[in-house]
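**Q** Structure provided below as structure tokens; questions to follow.
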Amino acid sequence: GMLWLVIVALGLPQSSFIADVAALLLFAFFVIMPLVLRLVVVPLSQTWPARLGVVVIGGQPLAALIAGAAMLPLPLPLPLPLSLRVMGASVWLFYTLLVAACGIQVVWQQQQDSAAWCRGAALIYLPIGAAWYLAAQAHIAPLGLARALVWLTAAHFHYIPLVALTMTGLVGAQPSVRQNRLAWLVYRAVAAGMLGLPLLVALGISLTQLTGNTAVETLAALLQALTVLALGGLLLRYVVPASASPLARTGLAVAGGAVFVSMAAAGGFALGNATGGWAITYSQMLLIHGGVNALLFGACGLWGWVANAHDPRPHITGER
């Protein structure tokens, strides 16, 4: 977390949309990723013969530092040579492929458990965000997207699939959810949505760029918003009351409530674009949707799960 503050303070002093997106990406590198690894990879790393989890956890700070250093010159008059920036992003892509291998291992070990599928998929989706980060640093515009949108897509895949799928997998491991018929039915729908909707969103963005038709993108965005809202409801109704730790209750309650703000902004943005009835700018979306997802849903929620994992009662745990 301190490295994120230092890099943002030293390297992103000017206010611009891309610099703001870069700050969110740095937050994912230095704050979100260590928390996710602690919750998903640490519980399993001791049992893996290849010790891949140990390598991933131990290499995360260095990979994040190299990837983050590639952003430092964004607003400066003498930018880092393009080759070095691409190299830094390439290191992050290679690292996320190792993380994805951990995700495959999580799924392989518990193939019949939808919660394990979600925790594993959170890691498996990560290289998509890293590939978009590489494209942003290399000034590549997939499907003709504007440079700012390439950066925004990179940030998106470091939050919604990574954070939301991790939390979905942890919610699904809780007895308070698994032992309640209604909660489990809702959870199964949420898990299915979280697993498939990132691909539908990607398809919608592609169709919008290729055809100009926003129908699929709008539908995917609305379904994703509803799915995350349902996840927030499960957190507030079934997980928060079952936790004995005040820190866990606070973090998870903040995360559960925050999604109603961030997803309302996402839904409003999608509907406004589709109908033309109103306009929410990308800068406003970045502030409301991005900021809330990063700080309140992401950081507070994951810290809540870390506190939950240390709850002395054996039936409340972030592991399974």
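Each value in this text was obtained by applying a stated rule to the coordinates, not by laboratory testing. Computed from a predicted model, the values in this text were never measured in an experiment. Because the Cβ atoms are built from the backbone with ideal geometry, glycine has one as well, and the counts that use them run over all protein chains shown.
**Q** Test of understanding: ordering Tyr133, Tyr95 by Cβ neighbours within 10 Å, fewest first, what list do you get?
**A** Neighbour counts put them in this order, fewest first: Tyr95, Tyr133.
**Q** Let me ask something additional. Going by how many other beta carbons lie within 10 Å of each one, how would you line up Met194, Met87, fewest first?
**A** Ascending number of Cβ neighbours within 10 Å: Met87, Met194.
**Q** Return Thr153, Thr96 ranked ascending by Cβ neighbour count within 10 Å, so the fewest neighbours appear first.
**A** Result, fewest neighbours first: Thr153, Thr96.
**Q** Could you grab the Rg to Rh ratio for the range 173-320? Cα atoms only, Kirkwood for Rh.
**A** 1.04
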